[in-house]
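Undergrad: If you scroll down you'll find the structure; I have some questions about it.
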Amino acid sequence: MSSKRGKLLIIGFGPGNEKHMTFRAREAFLECDSVIGYNTYVDLIKPILTDKQQIVRTGMTEEVSRAQEAVRRAEKGEVVAVISSGDAGVYGMAGLVYEVLMEKGWKEDEGVAVEIIPGVSAVNSCASLLGAPIMHDACTISLSDHLTPWELIKKRVEAAAQADFVIALYNPRSGRRTRQIVETQQILLRYRSPDTPVGLVKSAYRERQHVVLTDLAHMLDHEIGMLTTVIIGNQSTFFYDGKMITPRGYQRKYTLTAMEQSLKPHERLKEEAEPWALHQGIVEETESSKRTSTELAEEALALLHQETPTETVGINGLSVFKQEEIFEFAVSPGVIAKTFTAEQLLAIANVVGKEGTMEYTTDHRLKISVPTNDPTQIIDELNAQNLMLHPIGDVIQVKACDFCNGEKVDAIPYAEEIQQQLGGKSVAKQLNIGINGCGMACYGAVTDDIGIVFRKGKFDLFLGAKTIGRNAHVGQPVAEGIEREKIVPTLLAIIKQYEQEAIPNERFYKFFKRVGQVQGYPYREVPAQVVVDAVCGD
Ligand code: SAH
């Protein structure tokens with residue numbers, strides 16, 4: 001290949017400030033013989049050019065002639081930079097240059113060389129100034145009907161609104177073109193609440209940068225022009241301390257005590273909670289990924305019009321995609337009862353249906369997870385079968401033995417009272433209270449955070465077991481022979497101290513160690529364990 005082969009460098013220079021230009025873009029400007037671009041853009045990058053580069057300025061609407069001129073020069077052997085703000089592949093020059101080349105029958109092997117240099121698009125630069133409004137599934141829509149029929153743009157706005165995408169509107173308004181943004185707002189208001197957060201960013205990372213936080217109902221009260229990008233939140237987007245944030249989770253979870261529960265740090269980055277997080281968006285090729293994007297889009301739209309298991313609610317009489325809500329709780333035959341009846345299992349199966357899951361936990365319960373927006377119906381159905389429902393998460397779980405199938409009756413009323421007073425109570429970290437009816441302690445009370453064992457008519461108390469991990473250990477026997485009537489007040493006082501003094505997420509054994517004593521019971525150092533290699537987990 002001759003050394004005189006020309007080259008087209010299609011450069012996205014980012015929002016307009018040198019610091020936000022990529023290293024490769026900067027380098028490429030110095031490699032080229034000429035730079036072709038729209039006046040304003042040429043001015044923006046001029047400071048980094050040298051005497052070597054010839055500048056070819058054009059007007060804004062002369063995009064086609066700009067692309068043709070670039071190709072012509074490259075064919076003569078020049079290295080030509082064609083510039084776009086943001087990314088050249090996003091409403092920029094990249095596609096146009098390829099179209100001109102294709103018209104000429106260009107082939108990569110024989111023709112001029114082409115390098116597309118990516119840049120930070122307005123959706124990214126503007127989002128960064130607003131906070132984290134994109135975060136989740138989002139789309140960009142240009143409101144310019146210069147090259148696209150307005151009817152099609154409207155359809156896209158409608159589909160995106162319906163599918164709850166975060167939407168970045170490019171080219172929202174110009175001096176001449178003022179109706180589009182008004183109609184767009186009207187369409188969006190049919191599907192989204194008027195208080196949906198909206199961010200307006202003008203001239204991101206340029207001299208006259210201006211950021212406005214507003215909402216869907218009031219967005220038109222502010223200046224919107226050709227240098228503005230409008231970011232419309234989805235149904236979960238919120239404002240926090242002057243920032244616009246869209247949470248990453250798909251599902252809102254609620255359990256018996258907290259009607260709404262966000263994902264906790266340890267739940268994040270788990271495949272099931274955030275399926276896209278671990279594989280970085282790389283999915284194995286499946287039948288669906290072989291279909292074209294148009295086929296997939298048509299399918300998605302068709303699904304939206306069908307009855308789907310996902311709940312839809314009406315705003316202004318229209319159906320709107322609603323974030324799926326998951327109801328999570330645990331269920332058991334009781335604190336003491338250990339046998340399920342067939343009717344109870346049928347009732348559970350009925351509630352779980354095809355969409356839910358039931359998981360058998362280490363605490364002898366079934367953890368139920370069902371998509372629903374009406375948990376009360378589920379609660380009623382299960383209560384009707386005398387099943388016991390327990391909240392899950394950072395709550396107190398009372399675990400009792402079966403008191404030898406109810407034969408060892410003496411401690412039962414205490415177990416019931418402890419469940420009534422403390423079961424399901426929210427605490428810093430999940431805490432298990434184990435109650436065993438005799439010295440055999442066969443239900444393992446001494447391996448719970450707090451264990452009480454009924455022996456010789458009185459209670460023994462164990463505190464601070466570490467239930468999991470390679471250095472798991474049983475609780476420390478801190479008292480023997482606590483009088484029956486004292487056991488409930490003693491536990492209440494211990495829990496009160498934990499509630500008042502524990503730091504968030506602090507497990508009971510860590511708390512016991514840190515504070516040194518709980519209700520006068522001193523902590524004693526646990527002897528170091530032999531360290532062995534873990535077989536599973538880390
Ligand atoms: N290729 C560009 C988009 C060009 S279309 C990119 O990837 O960003 C022009 C539109 O982009 C403008 O109407 C505006 O909506 C948006 N835009 C580009 N630069 C911007 C900036 N610095 N601040 C805000 N919006 C910007």
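Undergrad: I'm trying to understand the selection: among the residues of region 333-390, which are closer than 30 Å to Ile468 by Cβ, under 30 Å from the mean Cα position of the chain (by Cα) and among the polar types (S, T, N, Q)?
TA: Answer for region 333-390, where residues must be closer than 30 Å to Ile468 by Cβ, under 30 Å from the mean Cα position of the chain (by Cα) and among the polar types (S, T, N, Q): Thr357, Thr361, Thr362, Ser369.
Undergrad: A further question on this structure: For a quick check of your reading: which strands (runs of 3 or more DSSP E) sit entirely within region 360-416 and have at least 1 residues that are farther than 17 Å from Pro333 by Cα, free of Cβ contacts under 8 Å to residues at least 60 places away in the same chain and not polar (S, T, N, Q)? Full working, then the answer.
TA: Working: elements: 366-371, 388-390, 396-400.
In region 360-416, the matching strands (runs of 3 or more DSSP E) lie at 366-371.
Undergrad: Of all residues in region 428-457, count the ones that are in contact with an Asp or Glu (Cβ under 6 Å, 6 or more places away or on another chain) and either under 18 Å from Pro489 (Cβ atoms) or among the aliphatic types (A, V, I, L, M) (or both).
TA: 3
Residue by residue, here is whether (1) more than 13 Å from Val230 (Cα to Cα); (2) among the aliphatic types (A, V, I, L, M); (3) surrounded by fewer than 15 Cβ atoms within 10 Å (Cβ to Cβ) holds:
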position	(1), (2), (3)
Tyr170	no, no, no
Arg173	no, no, no
Val182	no, yes, yes
Tyr191	yes, no, no
Gly199	no, no, no
Ser203	no, no, no
Gln209	yes, no, no
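Undergrad: For region 115-127, indicate whether the set of residues that are over 30 Å from Val71 (Cβ atoms) and within 33 Å of the chain's Cα centre (by Cα) is non-empty. Spell out the reasoning first.
TA: Start the filter on region 115-127 by keeping residues that are over 30 Å from Val71 (Cβ atoms), which leaves 126-127.
Checking the rest, the ones that are also within 33 Å of the chain's Cα centre (by Cα) come to 126-127.
Within region 115-127 (the criterion being over 30 Å from Val71 (Cβ atoms) and within 33 Å of the chain's Cα centre (by Cα)), the answer is yes, since at least one residue qualifies.
Undergrad: Follow-up. So which of Val79, Val64, Val112, Val56 is at pLDDT below 95 and touching an Asp or Glu at 6+ places or on another chain (Cβ under 7 Å)?
TA: Val56
Undergrad: In region 159-179, how many residues are of a type outside the set (Lys, Arg) and not in a loop (DSSP other than H, G, I, E, B)?
TA: 9
Undergrad: Go through region 185-252 and tell me which strands (runs of 3 or more DSSP E), entirely inside it, have 3 or more residues that are of a type outside the set (S, T, N, Q) and either at pLDDT 95 or above or within 15 Å of the ligand (Cβ to nearest atom) (or both). Steps first, please.
TA: Details: elements: 197-202, 210-215, 228-232, 238-240, 243-245.
It comes to 197-202, 210-215, 228-232.
Undergrad: Which pairs do you get when a residue that is closer than 24 Å to Ala159 by Cα, found in region 120-138, comes within reach of a residue that is β-branched (Val, Ile, Thr) and within 13 Å of the ligand (Cβ to nearest atom), reach meaning Cβ atoms under 6 angstrom, with the pair 6+ apart or on two chains?
TA: If the second residue must be β-branched (Val, Ile, Thr) and within 13 Å of the ligand (Cβ to nearest atom), the pairs left are Ser121/Val90; Ala122/Thr229; Val123/Thr140; Cys126/Val201; Cys126/Thr229; Pro133/Ile231.
Undergrad: So, one more: Are there any pairs, at least 6 apart or on different chains, whose C-beta atoms fall under 6 Å, with the first in region 16-33 and away from the ligand (no atom under 13 Å from the Cβ) and the second of a type in the set (A, V, I, L, M, F, W, C) and in a helix (DSSP H, G or I), and if so, which?
TA: Phe29/Ile48
Undergrad: Further question: Count, please, the residues in region 402-424 that happen to be within 15 Å of Met388 (Cα to Cα) and small (Gly, Ala, Ser).
TA: Going through region 402-424 one residue at a time, the tally reaches 3.
Undergrad: Further question on the same structure: Identify, by number, the condition in (1) within 37 Å of the chain's Cα centre (by Cα); (2) part of a loop (DSSP other than H, G, I, E, B) that Cys438 doesn't meet.
TA: (1)
Undergrad: Against the conditions (1) in contact with a helix residue (DSSP H, G or I) (Cβ under 9 Å, 6 or more places away or on another chain); (2) under 17 Å from Asp363 (Cβ atoms); (3) surrounded by 15 or more Cβ atoms within 10 Å (Cβ to Cβ), where does Ala472 fall short? Just the number, please.
TA: All conditions are met except number (3).
The values are calculated or read from the model by the stated rules, or taken from the named source; none is laboratory data. A quick note: this is a predicted structure, and the numbers were derived from the prediction, not measured. Here Cβ is always computed from backbone atoms with ideal geometry, including for glycine, and neighbour counts include all displayed protein chains.
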